[in-house]
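Student: Sharing a structure below in structure tokens format, with a few things to ask.
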Amino acid sequence: MPFTVSKDLSEAIVADALVIPCYESDTPLKGYKYAASVEKLFHKGDFTGKGGQILVLPSQGSVAASRVVLLGLGKKEKACTKTIGDALADVYRHASIDGQKIKTLAVATEIIGAPANIKAAELGRAIAEAAVFGSYRFLTHHTKEKHTKKNWVETTIIAGVPGKHVKDVQKGIEKGEVIATYTCHARDLVNEPSNFMKPTHLAAFAEKMAKEVPGLKCKIIHKAEIEKLGMGSFLGVNAGSDTPAHLIVLEWNGGKKGDAPLAYVGKGLCFDTGGYNIKPNSLGMKGDMGGGAATICALGAIGKLKLKINAVGIVPATENEISGKAYHPGDILHSMSGQTIEVDNTDAEGRLILCDALTYVQRTYKPRVIADMATLTGAAVVAVGSKYVALMGNDDDTISHFEHAFNRVGENVWQLPLPECYEKQLDSPVADMKNIGGNPGTITAGLFLKRFIDEGQKWVHLDIAGSALYDGDNWGFWTGKTPTGSPVRALVEYAETCFADAKHKLDKEHGHRHGDGRVMKR
């Protein structure tokens, strides 16, 4: 989507519509030069600036734009880039934008940057993300004209930017557009039905993406080589599928030669029947590769932004199907690490493919930090709901840095413990461990994966079962029933602001933990 930054005041900008963001007040337009003329368009009380309010009006000459869109930001004291981005994304989704064929949308900025904690670059990023996310539609398989011919915004003008801030706003726009675009790529991957998104398709997407990003490398390790690597756990899950397993490997070398990389490992389960522990309802299981999609697209964004780090993304891609060759409850799998696993439940398959990928990335790349992510357990949704990512790990500083990264982009994360008292639940009388340990299911899954992390290796585990496949509403950028692309934005933020700093210094101007934009100082 093309963006233009203008120093001209918004009242003079010619566009199909002018968005005027306002804080909640009895006089919400206070501070705008043209407030008196715009206030004549509506009765007092029709619009108060309450968060989420949108009022579309004909401008009647009050400004140069044909229409005025009044946008409520809520209380000024709670203002942050997240509240601005969330509110503006709703404008792009609003029915009037399509129905009135608004092609050029201008956004007034005279007052929204007034709070001291909103920097120009962050404002530009928030507006770009709002435009891209708010305009998102998955129309690949629609054929009816009413679906395929949408009249959404083609150009966004950011108006009224002081001259000294123009470059910073432009930098923020460029960054925000890249990250939002790759997040939407992840949404597309999760949206695709399983007959169009098999491991072969996921691998092909990664290869094509790498060709389009200079310096990003992709290699696909096929089943014969996976067998030679001894990935018996990964292959056990794949055994029932007619589509061979693929191990997708992405490499970005933007840092110093020899520097240990950041490693992201994502579950690429393209469809999950549950195996012989068959799911009573497998609708939605096309999205069980959300962690793999996030890993691939985060590496794409890291490369596109040319971050000065070394990074690697690993995605074990397969299906968990039922056939005469499928693995059974009670089978024993030999993992790449050498540890043996009794299959207590074939529907606990995500950890079985991740554990071999974790061993592979440690032996091959010796990363400084590993983060794995997976739509791993339904228990995570019970524990933290559908708007939070469950975070576990073995290093307090690394956990804090990921909390910081999530908070910076306005996504929600909550740390769960990995206490030794639940370890016994993974014990098996016939193998080194079982693949499932009972309740609390999210924590025992994390404890299972921890057994495959080498001593001294910094590691976090992100259970995104709720956040990646969000099925509700009223969650900012992702309002509506749609895959979110979570946690691509947080992964890129961690790579840039935490991992890229060798000393891992946190930005002192920002707190952590509160995904709603509030600041909590350590």
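Any read-out appearing in this document is the output of simple, stated calculations on the displayed coordinates, not a laboratory observation. From a predicted model like this one, the values you see are computed outputs, not experimental measurements. Neighbour counts are summed over all protein chains in view; Cβ atoms, including those assigned to glycine, are modelled from backbone coordinates with ideal geometry.
Student: Once you list every other residue whose beta carbon is under 15 Å from the beta carbon of residue 429, what net charge do they have if Lys and Arg are +1 and Asp and Glu are -1?
Tutor: Numbers: positive: 424, 434; negative: 331, 342, 344, 427, 432.
Once all neighbours under 15 Å are counted, the net charge is -3.
Student: Residue 363 label point, 7 Å along Cα→Cβ, cut-off 14 Å on backbone N: hits in the range 315-332?
Tutor: none
Student: Please turn the phi angles of the range 225-235 into ³J(HN,Hα) values with the Karplus equation 6.51 cos²θ - 1.76 cosθ + 1.60 (θ = phi - 60°), one per residue in order, whole Hz, x for glycine and proline.
Tutor: After applying 6.51 cos²θ - 1.76 cosθ + 1.60, I find 6, 4, 5, 5, 6, x, 7, x, 6, 4, 5 Hz.
Student: Which entries of 82/171; 103/164; 7/304; 228/279; 175/458; 211/257 have Cα-Cα distances beyond 20 Å here? All intermediate terms of the calculation are to be shown ahead of the outcome.
Tutor: Values: 82/171 18 Å; 103/164 28 Å; 7/304 28 Å; 228/279 32 Å; 175/458 28 Å; 211/257 22 Å.
Checking Cα-Cα distances, 103/164; 7/304; 228/279; 175/458; 211/257 exceed 20 Å.
Student: Report the extension gain between residue 76 and residue 282 in nm, rounded to one decimal, defined as 0.36 nm multiplied by the number of residues separating them, less their alpha carbon distance.
Tutor: Stretched fully, the residue 76-residue 282 segment lengthens by 69.7 nm.
Student: Residue farthest toward the positive end of the dipole of the chain, with Cβ of Lys/Arg at +1 and Asp/Glu at -1: which of 382, 205, 221?
Tutor: Result: 205.
Student: Sort 462-470, 320-328 by the packing proxy (mean of other Cβ within 10 Å over each peptide's residues), most packed first. Before the final figure, lay out each step's value.
Tutor: Values: 462-470: 26.6, 320-328: 16.0.
Sorting 462-470, 320-328 by mean packing, highest first, produces 462-470, 320-328.
Student: Let me ask you something else. Taking every pair of alpha-carbon atoms in the range 12-161, give the share separated by more than 28 Å as a whole percent.
Tutor: 16
Student: Rounded, prolate or oblate: which fits the chain, taking a ≥ b ≥ c as square roots of the Cα gyration tensor eigenvalues, rounded meaning a/c under 1.5, else prolate when a/b beats b/c?
Tutor: Prolate is the answer for the chain, as a/c is 1.5 or above and a/b outweighs b/c.
Student: Name the shape class, rounded, prolate or oblate, that the alpha-carbon gyration tensor gives for the range 331-388, where a ≥ b ≥ c are the square roots of its eigenvalues, rounded holds for a/c under 1.5, and otherwise prolate holds if a/b is larger than b/c and oblate otherwise.
Tutor: Oblate shape, in that a/c is at least 1.5 and b/c is the bigger or equal ratio.
Student: Let me ask something else. Please compute the modelled spin-label separation between residue 423 and residue 98, points set 7 Å along Cα→Cβ, answer in nm with one decimal.
Tutor: For residue 98 paired with residue 423, the spin-label model returns 5.4 nm.
Student: Right, another one. Which angle between 0 and 90 degrees, to the nearest 10, do you get for helix 199-212 versus the longest principal axis of the chain when only C-alpha atoms count?
Tutor: 50
Student: Can you pull the one-decimal nm distance between simple spin-label points at residue 207 and residue 219, each 7 Å off the Cα toward Cβ?
Tutor: 1.5
Student: Which three numbers, in whole Å and largest first, are the semi-axes of the equivalent ellipsoid of the range 218-284 derived from its Cα gyration tensor as √(5λ)?
Tutor: 30, 16, 10
Student: OK, next. Across the range 192-499, what fraction of all alpha-carbon pairs, as a whole percent, falls in each successive 20 Å bin from zero upward?
Tutor: 37, 60, 3
Student: Going by average Cβ neighbours within 10 Å, how do the peptides 422-429, 340-347, 382-389 rank, with the highest at the top?
Tutor: 340-347, 382-389, 422-429
Student: Once both axes come from the Cα atoms, what is the angle between helix 81-93 and the longest principal axis of the chain, in degrees from 0 to 90, rounded to 10?
Tutor: Orientation of helix 81-93: about 80 degrees from the principal axis.
Student: Hey, another quick one. Kindly express, to the nearest 10 degrees and within the range 0 to 90, the angle between helix 396-408's C-alpha long axis and the longest C-alpha principal axis of the chain.
Tutor: Taking the Cα atoms of the chain, the angle to 396-408 is about 30 degrees.
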